[in-house]
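Let me begin by presenting the structure, written as structure tokens, before commenting on it.
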Amino acid sequence: MILASASPRRHELLLAAGIPHIVRPAHIPEHRLPGEGALDFVRRIAERKARRASREAADIVLGADTIICFENEMLGKPESEPDARRMLRLLSGRDHWVHTGICVLSRDRCIIDVSSTKVSFADLTDDEIEEYTRSAEPYDKAGAYAIQGRASKFVRFIEGCYHNVVGLPVSLVYGHLKGL
């Protein structure tokens, strides 16, 4: 199986689950279409990644994309330290959703699905946000935080799949792989 993602977290999650794969990132533009909602966006990007990587003639390709939704705003990866601080201030003391679209593509099937997890953040002080954004951790993560890292102390609770928040709903992926 090809993992069409540059995310080290997705690679590590598949390794930990014993799902053999090779990493072949599919570099595609990740821009929202006018009027496109979060679920449609992550489904479309996951499928585009899988189809781009499928040109390598693998039997199975996995594409994935994750986005954070707070109220009506979709939060991707922060573009700068001020952007990371802005995102963390938005999430502070509130609930948000993490949506990961997956596409499992084989020679004769294309399975597209989404996992959604509700995450509740504690109230963050300006000092906590400042300290966290001085680390390297927030800058390659949707929503500017890593639940499995230093930001774990900011999470009050989650409802849904923990691995989805890390970047890949492993049990959902495995279920679709078993069905091929």
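Rule-based calculations on the coordinates, nothing more; no lab input. In this text the structure is predicted, and so the values were computed from the model without any measurement. Cβ coordinates were reconstructed from backbone atoms using ideal geometry, including for glycine residues, and neighbour counts include every protein chain displayed.
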In whole angstrom, the spacing between the Cα centers of region 7-37 and region 146-176 equals 14
Neighbour-count ranking for Met1, Met87 (other C-beta within 10 angstrom, fewest to most) reads Met1, Met87
Its Cα gyration tensor gives region 80-180 an equivalent ellipsoid whose semi-axes in whole Å, largest first, are 31, 14, 10
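List Ile68, Ile102, Ile147, Ile28 from most exposed to least, where exposure is judged by having the fewest other Cβ atoms within 10 Å.
Final ranking by Cβ density, sparse to dense: Ile28, Ile147, Ile68, Ile102.
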note: region 14-59, Cα-Cα separations exceeding 14 Å make up a percent value of 59
Proxy exposure order for Val114, Val173 (fewest C-beta within 10 Å first) is Val114, Val173
What the Cα atoms of region 2-178 span along the principal axes, largest first and in whole Å, is 51, 37, 27
